[in-house]
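Just below is one structure, and these are the notes that go with it.
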Amino acid sequence: MLTRTALLSSVALLASYSPTLAAEKPNIVLVVTDDLGYGDVSFLNPESKVQTPHMDALAKDGVWATDAHAPSTVCSPSRYAILTGRYAWRGRLRAGRLNPWAESAIDEDRVTLPKLLKSKGYFTACVGKWHLGFDWPWKGGEKPPASVIGGGTSKATCDLFDWSKPITGGPLGAGFDTYFGDDVPNMPPYAFIENDRLTCDPVDVNSRALMKQQVMKGGYIHGVGPGEKGWQLENVMPAITAKAVETIQQQSKENEPFFLMFGTTSPHSPIVPQEKFQGTSEAGPYGDFIVQTDAAVGQIVAALKDAGVYENTLLVVSSDNGPAPFMRERIQSHQHNPSGPLRGLKRDLLEGGHRVPFIASWPRGGVDGGRRIDATLSLTDLFATIAGLVGVPLEEGVAEDSLDILPALRADEPVRNELVYHAANGRLGIRQGPWVYLRARGITTEPEWYKEIWKGDAIDAPGLLFDLSRDLGQRSNLHDQFPERVQRMEARLADIQKGKSTR
């Protein structure tokens, strides 16, 4: 953890803010989609049964990466790493994601991306999915035990909370000026949160009623809990998209630059595309929800252009992990592979679990021209990249796993030569150049019928080694053929895991 002394020193460095210089800084917009797979975007997958014209157009104008990775294979640790520049497994998020009613995962004295940008004169806003915990207003000031509120499935009811008190921690505690969203669409509270309050007088919401709203079954609603009476899941994406657009419109009129992190709740389950998007893809309701996600990206781009700030905005569109496992089976009849040419799904150490779409645009900053970027990137790198843009040197203990990838975005100049992979079950792997070493068993959630499609070497071997330059689909396990390489990569991974910085 960053010490208070180091934090104060960092703040002192950041305090040299000049209004004149800040006005010249780019606006920054991060669109983090939820469970969008590498093969779900049409420009990355010629065989996709879903067309994503807005993301395709943005890639044509900006740059797009073929080798970009989410920091983890599930959402909470990925979002933590984006906001801190630090692998989540270094802290409390070593396995899984946060359950309902979890406390804030970001320590109060951790330097975060919005804190850094605020110190340089930025307005900072978070809209949409959060899933990094809040400090909830429990009656009596103490969180009830899991036997009362539940664990992975919520049992909490309205009478356990004092909603006259603010919801603390969360995005505001992490440094954002404002927040609007529903935290996680399939977990309570089933209501919008604006800054530190619910936007309704909550009632107890039955999760079974919400399950019936899904256009495509297969996802999870994590139990009962407080929420808005008559809550409609299909209204979430339109509402948060509208708020993101409104934020751009309002802040573009101000003298200060702005940072917007927009977390879409799609195409994650519950699958609830609006009626106007139903039937717009060839991949069923899941594909239709991707089309709606793409339309939201189009609205963001249009808002930036209409406000006259597109040219000087660093816009990044990506995903927090690969496609959900149940999606693959549900859309077999449509012959659409959400992982594209990659093996693996969300939660897996295999490439499909964490290699994600990545599009960036900043015309004034030389991030344009429709260029393909083959350099290895991580969403963890956004922290150091943005810090470099606004002129903030990173001290020891701050964003220790983040690298400035602006040279890669501008000229495909490789910056990162190694990367740590983090699976939902806590397993780790390491990438060095084209080589990938994955530790031990339990690295995939592939169903048996899916394994048969690949017909490669046994995936449950003691260890896995792949050469992605020859085997992007990870069919051939070279673990036993290159024991010395395995030993070197295991030793390096162990050093990093013990605390060695990757920067």
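Read-outs throughout are calculated quantities, based only on the coordinates presented, and are distinct from any laboratory measurement. Computed from a predicted model, the values in this text were never measured in an experiment. Note that we place each Cβ from the backbone using ideal geometry, even for glycine, and neighbour counts take in every protein chain shown.
In terms of distances greater than 18 angstrom between alpha carbons, the cross-link table entries 60/129; 115/305; 49/217; 25/115 yield 60/129; 115/305; 49/217. Normalised by the number of residues in the range 136-195, the average gap of Cα pairs under 8 Å and 6 or more apart makes the relative contact order 28 percent.
By the rule of a C-alpha distance below 18 Å, with chain neighbours fewer than 8 residues away ignored, the aspartates and glutamates paired with residue 253 are 24, 177, 306, 311. Contact order for the chain, expressed relative to its length and based on alpha carbon pairs under 8 Å spaced 6+ residues apart, stands at 23 percent.
Between residue 142 and residue 217, what is the label-point separation in nm under the 7 Å Cα-to-beta-carbon projection? It is 4.2 nm.
For the range 29-42, putting each phi into the Karplus relation 6.51 cos²θ - 1.76 cosθ + 1.60 with θ = phi - 60° gives couplings of 10, 10, 9, 10, 6, 10, 6, 7, x, 4, x, 7, 9, 5 Hz, in residue order, rounded to whole numbers and with x for Gly and Pro. Remark on the range 18-162: hydrodynamic radius 18.5 angstrom, per the Kirkwood mean of 1/r across alpha carbon pairs.
Counting only DSSP beta bridges whose two residues both lie in the chain, roughly 50 percent are antiparallel. Applying the Karplus relation 6.51 cos²θ - 1.76 cosθ + 1.60 with θ = phi - 60° to the range 155-170 yields 3J(HN,Hα) values of 10, 5, 10, 4, 5, 7, 10, 10, 6, 6, 9, x, 8, 9, x, x Hz, where x marks Gly and Pro.
Of the residues 192, 358, the one with the fewest other Cβ atoms within 10 Å heads the list, and the complete ranking is 192, 358. Among 187, 216, the ranking by other beta carbons within 10 Å of each residue's beta carbon, starting with the fewest, stands as 216, 187. Over the chain, the reciprocal of the mean inverse Cα-Cα separation, the Kirkwood hydrodynamic radius, stands at 22.9 Å.
Quick one: if you take sqrt(5λ) for each eigenvalue of the C-alpha gyration tensor of the range 130-222, what semi-axes come out, biggest first, whole angstrom?
22, 17, 12
Model label sites at residue 282 and residue 306, defined 7 Å from Cα along the beta-carbon direction, differ in position by 3.3 nm. Put simply, the amide H of residue 29, placed in the peptide plane, has neighbours under 5 Å in 260, 314, 315, 316, leaving out anything fewer than 5 places away on its chain.
Counting only lysines at least 8 places from residue 229 when in the same chain, those with an alpha carbon closer than 20 Å to its own are 155, 212.
Near the amide H of residue 358, within less than 5 Å, lie the amide hydrogens of 65, all on another chain or at least 5 residues away, with H placed in the peptide plane. Annotation: the residues 143, 120, sorted from fewest to most other C-beta atoms within 10 Å of their own C-beta, follow the order 143, 120. The alpha carbon convex hull volume per residue for the range 180-339 rounds to 126 Å³. Coupling constants for the range 364-381 follow from the phi torsions by the Karplus curve (6.51 cos²θ - 1.76 cosθ + 1.60, θ = phi - 60°), and in residue order they are 5, x, x, 9, 6, x, x, 7, 8, 10, 9, 5, 6, 10, 10, 5, 4, 6 Hz; glycine and proline get x.
Each distinct pair of alpha carbons in the range 278-326 adds a 1/r term; the inverse of their mean, the Kirkwood radius, is 12.7 Å.
Rounded to the nearest 0.05, the FRET efficiency derived from the C-beta distance between residue 66 and residue 413 at R0 = 22 Å is 0.90. For the pair residue 235 and residue 158, a Förster radius of 30 Å applied to the C-beta separation gives a FRET efficiency near 0.90, rounded to the nearest 0.05.
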